[in-house]
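Notes follow once the structure below has been shown.
Read-outs: derived from the displayed coordinates by stated rules, not from any lab. The structure presented is a predicted model; accordingly, all values stated were derived computationally and were not measured. Ideal geometry is used to build each Cβ from the backbone, glycine not excepted, and the neighbour counts take in all protein chains shown.
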Amino acid sequence: MGEFPPLLILKLINMKKILLLCILSTCIACLPDSKDLGCRSLESIVEVEKKYITQASKQWFTNNIDLKDYQIVFFESIAVDAVVLDDKYGIPAEVTIAQAILESGWGQSELSKKANNYFGVKEYRKTKKGGKFETTEYLKGKKVIKIENFRVYDNVEHCLQDRAYWLYNNKRYQDVNWHTLNAFEFCEILQDKKYATDPNYSKKLKRIINSYKLTQFTLWLKMNC
């Protein structure tokens, strides 16, 4: 798969339509037998989507030949949920994946290994215990190491779903029309709304998206699903 001009990629990618196209293609295939509702079940739709995402992942791997085994495993563990949550909330899959890579070090950080927390989401709810972990913050531009209380998740899926729900329902972002933003615009929103204290947070996310050709992953889905 060759390189695509960035502007063309941004114009083509519309992750909101991915599930719709999969659903339509599945339903059309079922039309000859109107009594057979099983092939249009939610389970079958999810399986169709997983198949295309798996294919897109394999295509993505060929464009990132220097990946380590643990990076491939990590990507496979979050790709499906990243795309599903993109469709549901409008959070670009590329940004979700890039954040997980950045925040967890490809799933190698202590927080991700012990708490399944891939986004550094802190635990502020009084009814939840959470876990104490070391983190890097930026105070007045200076890097500071602190011990903070973070959310603990049962698994990767739980983490991604909770993070998307938390982000989407956060009052800080209520004025944002999420479904209208491309991945790079979304990165800017996170920076402007002070999602992280790192002054270069947006730049780091964009660098990851570009370096690992994440827009090509979502573009392949758009063109083939």
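What to note about this one:
- Full extension of the segment from Lys171 to Tyr70, taken as 0.36 nm per residue of separation minus the current Cα-Cα distance, would add 32.8 nm.
- Dipole check for region 78-178: with +1 at the C-beta of Lys and Arg, -1 at the C-beta of Asp and Glu, and the Cα centre as origin, the magnitude is about 700 Debye.
- Length-normalised contact order of region 106-222 in % [C-alpha pairs under 8 Å, at least 6 apart]: 20 percent
- Counting Lys and Arg as +1 and Asp and Glu as -1 over every other residue whose Cβ lies under 11 Å from the Cβ of Glu94, the net charge comes to +1.
- Residues whose amide H lies under 5 Å from that of Thr197, counting only those 5 or more places away or on a different chain, are Tyr138; hydrogens are built 1.01 Å from N in the peptide plane.
- Using a cut-off of 28 Å between Cα atoms, the listed pairs Lys68/Lys194; Lys142/Lys213; Lys113/Lys203; Lys128/Lys203; Lys88/Lys146 include Lys68/Lys194; Lys142/Lys213; Lys128/Lys203; Lys88/Lys146 as exceeding that distance.
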